[in-house]
Amino acid sequence: MNKLTLDDIKALEARHVVTTYKRQPVAFVRGSGCRLYDVDGREYLDLISGIGVASLGHAHPGLAAAIADQASTLLHTSNLYYHPLQGHVAARLTKLSGLARAFFANSGTEAVEGCLKFARRYWYTQGITTRTNFVALENAFGGRTMGALSVTWDEHYRLPFQPLVGQVTFVRPGDVAGLEAAVNATTAAIIAEPIQGEGGIRPLTKEFAQAITNTCRRTGTLYISDEVQTGLGRTGYPFYFPVLGLEPDLVSVGKALGSGVPVGAMLMSERVANAISPGDHGTTYGGNLLACRAALFFLEQLMDHGLLDHVKAVGPLFERRLRALALKHPVIVETRGVGLMQGLQLAVDATPIVDAARQRGLLVNRTNEKVVRMLPPLTIEAADIDRAVDILDEVFAAVGAEVHA
């Protein structure tokens, strides 16, 4: 195949690809560690890692060797049969989370969808057919399938596809009275991210987390912890729900788990698992050998080879550098986040900052309109954090000068 230019790629997609994405004007063809290279060979420092997916960075040699070995051995047999890897990955995930069982999917959205489905199944098994509704949070993002979309707050995602799944009541994070009023005898589960990702990197307070726990205990309502973005090391913890004292019955997992190979999982307590019968859920690809091999390699790196300790070491540096940046530039209203999950709340739309950073060779992301989101590979080194913040310093100085010109 002849080398394509950016214009060639854009023209080809314009003819054949459904245009739901507002892509930035760059096409990547190669990666290495925390760096990506475009069609013209230009290097970029990547602080978004495929939206938190490339947890081991790009082209990790150990991961490449593992999935190449698996591809040359056996890729897929379906869930009609056993294979040796699902149990190993499930054992790792249950040990890390403290939940009893795992069910494998292909993405975080599918994991959220499955958690909603299993929550309803739990009540149906108890003979209670009226507990079908959900309580979610303002600024929440669950995904784009019909169930996950139903618990996604932003109306512009939901409106064209209504009616969605069941009744969902959205509560403002921190509004304890609102939470208590929203949960009633028709509520199957509360679903909440410990740190909202797409909603602007917004950690729940421990007080509100305690209110979720208290409400679930009082009413018997299930709690679904959506850890698709926060889970598996990004915050410096295997999961963030224990840090807040949350007690989930179900946990959705995705993004980092496969380091780029699509895989998700639903983790659940024994009581929820016991309510599920054969045939209640299924997936052709979920938990295939390639996905499980990638997940197993990642989990080994995270827990056995020092990756989690590395995040605990570099995360505070990242936080300190961003706080110092905010003190220097008044357009930054607030810094939020934990570990390698960070957001800068701006007083203006974040698009000019994202564009200017990319032009200087730094990739960050705009979310919730005025938030610059950063989800670097978990392998990022201190020198790259320093370089990234130095570039942001230049960007804010330049954009700030334009704003005040």
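Readers should treat all values here as calculations from the given coordinates under stated rules, not as data from a laboratory. Quantities reported herein were computed from a predicted structural model and do not represent experimental measurements. A quick note on method: Cβ atoms are made from the backbone with ideal geometry, for glycine too, and the neighbour counts reach across all protein chains shown.
With all pairs of separate Cα atoms included, the chain yields a Kirkwood hydrodynamic radius of 22.1 Å.
Based on DSSP, what percent of beta bridges with both residues in the range 74-304 are antiparallel, to the nearest 5? It would help to have the intermediate numbers written out before the result.
Working: 11 of 25 bridges.
Taking every DSSP beta bridge with both residues in the range 74-304, the antiparallel ones total about 45 percent.
Grab the eigenvalues of the alpha-carbon gyration tensor for the range 213-274, scale each by 5, take roots, and send me the semi-axes largest first in whole angstrom.
Values: eigenvalues 107, 41, 11 Å².
Each semi-axis is the square root of five times an eigenvalue, giving 23, 14, 7 Å.
Here r is the Cβ-Cβ distance between Leu80 and Leu327 and R0 is 56 Å; the resulting FRET efficiency, rounded to 0.05, is 0.45.
When the chain is fully extended, how far beyond the present Cα-Cα distance does Glu13 get from Arg101, taking 0.36 nm per residue of separation?
Working: separation 88, 0.36 × 88 = 31.68 nm, distance 4.12 nm.
27.6 nm is the gain from fully extending Glu13 to Arg101.
Could you work out the relative contact order of the range 21-65, using alpha carbon pairs under 8 angstrom and six or more residues apart, expressed as a whole percent? Computed over the range 21-65, the figure is 32 percent. Of the Cα atoms belonging to the range 303-405, the radius of gyration and Dmax stand at 13.7, 53 Å.
Any idea what angle helix 206-219 forms with the longest principal axis of the chain, computed on alpha-carbon atoms, 0 to 90 degrees, nearest 10? Compared with the principal axis, the helix lies near 20 degrees. Mean separation of Cα pairs under 8 Å and 6 or more residues apart, divided by the residue count, gives the chain a relative contact order of 21 percent.
Percent antiparallel among DSSP beta bridges with both residues in the chain, to the nearest 5?
On the way: 32 of 48 bridges.
Of all bridge pairs located within the chain, approximately 65 percent are antiparallel.
Estimated from the Cβ-Cβ distance and a Förster radius of 45 angstrom, the FRET efficiency linking Arg271 and Ser72 is about 0.65.
Evaluated at 25 °C with a viscosity of 0.890 mPa s, what Stokes-Einstein diffusion coefficient in µm²/s does the range 308-361 have when Rh comes from the Kirkwood expression over alpha-carbon pairs?
202 µm²/s
Mean-square fluctuations from a GNM of the chain, with a 10 angstrom spring cutoff on Cα atoms, peak among Gly279, Gly220, Gly343 at Gly279.
Per 5 Å bin from zero, what fraction in whole % of the C-alpha pairs of the range 159-249 is there, up to the bin with the longest pair? Answer for the range 159-249: a P(r) of 3, 13, 24, 24, 18, 11, 5, 1 percent. At the listed q of 0.11, 0.15 Å⁻¹, the Debye profile of the range 1-122, built from one uniform point per Cα, gives log10 I(q)/I(0) equal to -0.65, -1.07.
Could you work out Rg/(2.2 N^0.38 Å) for the range 230-317, with Rg from alpha carbons only?
Normalised by 2.2 N^0.38 Å, the Cα Rg of the range 230-317 equals 1.23.
Note on the chain: GNM, Cα springs under 10 Å; of Tyr237, Tyr285, Tyr21, the largest mean-square fluctuation is that of Tyr21. Calculated from the alpha-carbon coordinates, the range 74-304 shows an Rg and a Dmax of 16.7, 53 Å respectively.
Calculated on the Cα set of the range 334-389, radius of gyration then Dmax: 11.1, 31 Å. Compared with the dominant Cα axis of the chain, that is its longest principal axis, helix 61-71 is turned about 50°.
With the simple spin-label model, which puts each label point 7 Å out from Cα in the Cβ direction, the Tyr37 to Met146 separation comes to 4.6 nm.
Within the listed set Val371, Val263, Val18, the residue fluctuating most in the Gaussian network model of the chain (springs between alpha-carbon atoms under 10 angstrom) is Val18.
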